[in-house]
Amino acid sequence: MFREKRYKQVVHAVEKGILDGKYKLGDRIPSINSWRIRTGLSRSSIILALKELKSRGIIESDQSVGYFVSSTKIEVVYRILLLFGIPSLFKEDISNSLIQSLGNGVTVDILFHGADPETLDLLLDKVAGKYSVYVIIPSVNCNIESKLKRLGGKVILADYYVDSLIGKFSSVTQDFANDTYDALESCLPAIRRYKEIILVQNSRFEPMSRMDGIKRFCATYNFEVGYIKTMENLPIKQGAIYLTPEDREIVFILTAMEKQNLVIGRDFGLITFNETVLKKVISGGLTTLSTDFVQMGRTIAELIRQPGIRTVHNPWKLIMRNTL
């Protein structure tokens, strides 16, 4: 028969105190030593109970006053922080899907680290111990394992995974190299009309493993391969397919197209990454290679509910439109 962990009696006592009006917003609750005397539990058990209440946002602590009630919403089961890189429409898809999948008893905060490792590092220090679940899209080339372990809640990495963290934290990830290769291979008849494939992206913000997939595809099927950081003020190469995950690069490419009087899908090709509603209508629809961000949110919700550590490859799809 299921036996609830003993420390939960402290959690329930605080919840009941709030429901009965004994503890109001801002009121102090008993100290660790007081709880030990009342319950007979060990210090470590009391700390575990207070840690759960704190991660749900019900209590906070201050050196001068001890523990106090910071929220009377005891129905909150998961207090979740989404710590993402740069604001974008597809991140809204992840968060909306996650919230819908978990239903009631959830509060969600969103912070952005701007794909900057130092900012991410500082934010991890700031939010440690304040949430029950941390969903994090890490920055490229970050080294955050020790700080993730000190967060105090369940950690789930999203979008792309840091190799050194495999098996240590759950993740819902894209396989950028293999997904890009498979996508190009799936539309090989359309690509055969071109001679070169060029990746356009700033490696500081995006994983370069996409380039690994492009190089392997070009070597297998005898295409020329290229890489540039930006198309700003550069002409389009006729006979080339451009791949880019960055919206501003799409603008640069389409601007150059107009200046050169080229026809997209005939004189050159364009494949974008990360499906959004705007990409359905720009230039009659942009061909897009995208992971399923709605499914990513659902899978994150599953990982939150389930015990243990899992690494899940999120599915991708290639949406063929007028630009190829």
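Only the coordinates and a few stated rules stand behind these numbers; no lab work does. On a predicted model such as this, the values are computed, not experimentally measured, just so you know. Cβ atoms come from the backbone with ideal geometry, glycine included; neighbour counts cover every protein chain shown.
At R0 = 25 Å, how high is the FRET efficiency between residue 255 and residue 192 if r is their beta carbon distance? Nearest 0.05 is fine.
Numbers: r = 28 Å, r/R0 = 1.10.
Efficiency computed from Cβ-Cβ geometry: 0.35.
Ordering 323, 58, 186 by Cα displacement along the dipole of the chain toward the positive end leaves 58 in first place; charges were set at the Cβ atoms of Lys, Arg (+1) and Asp, Glu (-1). Across region 212-228, coupling constants 3J(HN,Hα) worked out from phi with the 6.51/-1.76/1.60 Karplus curve, θ = phi - 60°, read 4, x, 5, 4, 5, 5, 5, 5, 5, 10, 6, 10, 6, 10, x, 9, 9 Hz, and Gly and Pro carry x. Given R0 = 56 Å, the distance between the Cβ atoms of residue 248 and residue 38 translates into a calculated FRET efficiency of 0.40. Simple point charges give the picture: +1 on the Cβ of Lys and Arg, -1 on the Cβ of Asp and Glu, and for region 8-69 a dipole about the Cα centre of about 200 debye.
What's the longest bit of the chain with no exposed GluC sites (Glu not before Pro), using DSSP loop states and at most 14 other Cβ atoms within 10 Å as the test? Can you show the working numbers first?
Working: sites that count: 4, 75, 232.
Maximal segment without exposed cleavage sites: 76-231.
Which entry is the computed Rg and Dmax of the Cα atoms in Å for this structure: (i) 21.6, 82; (ii) 24.5, 81; (iii) 25.5, 73? Evaluating Rg and Dmax of the Cα atoms in Å on these atoms matches (ii). Quotient of the Cα radius of gyration of region 8-69 and 2.2 N^0.38 Å, N being its number of residues: 1.01. Cα-based count: Lys pairs in region 8-69 below 14 Å, eight or more positions apart or different chains? The number of close lysine pairs in region 8-69 is 4. Ignoring aspartates and glutamates fewer than eight residues from residue 149 along the same chain, the ones with Cα atoms less than 15 angstrom from its Cα are 121, 125.
Would you kindly state how much longer the chain becomes between residue 219 and residue 163 on full extension, computed as 0.36 nm times their sequence separation minus their alpha carbon distance, in nm to one decimal? Write out the running numbers ahead of the final one.
Working: separation 56, 0.36 × 56 = 20.16 nm, distance 2.52 nm.
Working it through step by step, the gained length comes to 17.6 nm.
With a cut-off of 8 Å between alpha carbons and a minimum separation of six or more residues, what is the relative contact order of the chain in percent?
It comes to 15 percent, rounded to a whole number.
Potential lengthening of the chain between residue 111 and residue 238 amounts to 41.6 nm, from the contour at 0.36 nm per residue minus the alpha-carbon distance. Loop-only trypsin sites (Lys or Arg not before Pro) in region 137-211, please: DSSP not H, G, I, E or B, and at most 16 other Cβ atoms within 10 Å. Answer in residue order: 150, 168, 192, 193, 195, 204.
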